[in-house]
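Colleague: Mind looking over this structure? Questions follow.
The values are calculated or read from the model by the stated rules, or taken from the named source; none is laboratory data. Small disclaimer: the values here were computed from a predicted structure and weren't measured. Cβ sites come from the backbone with ideal geometry, for glycine too, and all protein chains shown count toward neighbours.
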């Protein structure tokens with residue numbers, strides 16, 4: 001995958017954009033592309049959570065292998081973006097502090113920028129060993145245009161505004177069940193993975209067409 005040429009005079013700058021990605025959608029991609037551009041990052045890793053501990057028990061989570069396949073399809077051919085399986089390959093809960101340690105071994109000397117929305121940033125004190133997260137990375141908080149986040153003074157936040165697209169993975173899963181179209185809400189490559197793997201089927205186990213394959 002083609003990525004911008006790295007300036008050898010400075011450390012490699014890598015964005016770490018973690019999530020369940022169940023499924024990944026255009027909002028995720030718009031965020032990743034714009035953060036990479038605005039902060040002049042050399043690479044933005046979309047890190048698929050293997051075991052999203054904060055969501056376990058709240059709903060059924062699609063198997064990690066399927067979510068990884070969807071993200072890989074979503075970023076294929078997109079400059080600067082790359083999928084990472086580092087949390088899927090590691091057993092146990094997906095703690096960001098462990099991910100940053102593992103990435104530091106893969107990308108020695110790199111500077112890491114952990115990307116999150118305001119809701120996630122507000123919960124940062126609940127993260128496992130969050131003080132270590134703050135020492136290992138710069139935290140990038142994605143704001144809606146004209147609506148800067150009011151966050152506690154826990155760290156030196158980097159605020160980035162990106163175009164807001166009101167798309168949610170929860171709604172997309174429901175759309176598949178109801179037979180509503182996914183067109184323009186997820187990349188076509190992601191929609192193909194959903195269909196080919198039979199993800200988010202309705203109770204009858206059958207994908208219902210609507211506005212094209214869903």
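Colleague: Could you tell me whether any residue of region 10-20 is assigned to a helix (DSSP H, G or I) and either in contact with a helix residue (DSSP H, G or I) (Cβ under 7 Å, 6 or more places away or on another chain) or at pLDDT 95 or above (or both)?
Modeller: no
Colleague: What is the residue count in region 182-214 for residues that are surrounded by 15 or more Cβ atoms within 10 Å (Cβ to Cβ), over 17 Å from the mean Cα position of the chain (by Cα), part of a loop (DSSP other than H, G, I, E, B) and at pLDDT 95 or above?
Modeller: So the count comes out to 2.
Colleague: Residue 64 versus (1) out of contact with any helix residue (DSSP H, G or I) (no Cβ under 9 Å at 6 or more places or on another chain); (2) within 23 Å of residue 186 (Cα to Cα); (3) in contact (Cβ under 8 Å) with a residue 60 or more places away in the chain: which is the lone unmet condition?
Modeller: Of everything listed in (1) out of contact with any helix residue (DSSP H, G or I) (no Cβ under 9 Å at 6 or more places or on another chain); (2) within 23 Å of residue 186 (Cα to Cα); (3) in contact (Cβ under 8 Å) with a residue 60 or more places away in the chain, residue 64 misses just condition (3).
Residue-wise test of (1) without any contact (Cβ under 8 Å) to a residue 24 or more places away in the chain; (2) more than 13 Å from the chain's Cα centre (by Cα); (3) over 23 Å from residue 127 (Cβ atoms).
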position	(1), (2), (3)
45	no, no, no
82	no, no, yes
87	no, no, no
96	no, no, no
99	no, yes, no
109	no, yes, yes
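Colleague: Tell me, yes or no, whether region 55-74 has at least one residue that is in a loop (DSSP other than H, G, I, E, B) and in contact with a strand residue (DSSP E or B) (Cβ under 9 Å, 6 or more places away or on another chain).
Modeller: No; the residues of region 55-74 include none that is in a loop (DSSP other than H, G, I, E, B) and in contact with a strand residue (DSSP E or B) (Cβ under 9 Å, 6 or more places away or on another chain).
Colleague: When residues of region 99-123 are filtered for being out of contact with any strand residue (DSSP E or B) (no Cβ under 7 Å at 6 or more places or on another chain), in a helix (DSSP H, G or I) and either modelled with pLDDT of 90 or more or crowded, with 17+ Cβ neighbours inside 10 Å (or both), how many remain?
Modeller: 6
Colleague: Oh, and also: Cβ-Cβ below 8 Å, separation at least six or inter-chain, first residue in region 187-198 and farther than 18 Å from residue 63 by Cβ, second part of a helix (DSSP H, G or I): which pairs?
Modeller: 187/26; 187/29; 187/73; 187/74; 189/73; 189/74
Colleague: Quick one: how many residues across region 144-163 are within 23 Å of residue 185 (Cβ to Cβ), part of a loop (DSSP other than H, G, I, E, B) and either out of contact with any helix residue (DSSP H, G or I) (no Cβ under 8 Å at 6 or more places or on another chain) or at pLDDT below 75 (or both)?
Modeller: Of the residues in region 144-163, 1 are within 23 Å of residue 185 (Cβ to Cβ), part of a loop (DSSP other than H, G, I, E, B) and either out of contact with any helix residue (DSSP H, G or I) (no Cβ under 8 Å at 6 or more places or on another chain) or at pLDDT below 75 (or both).
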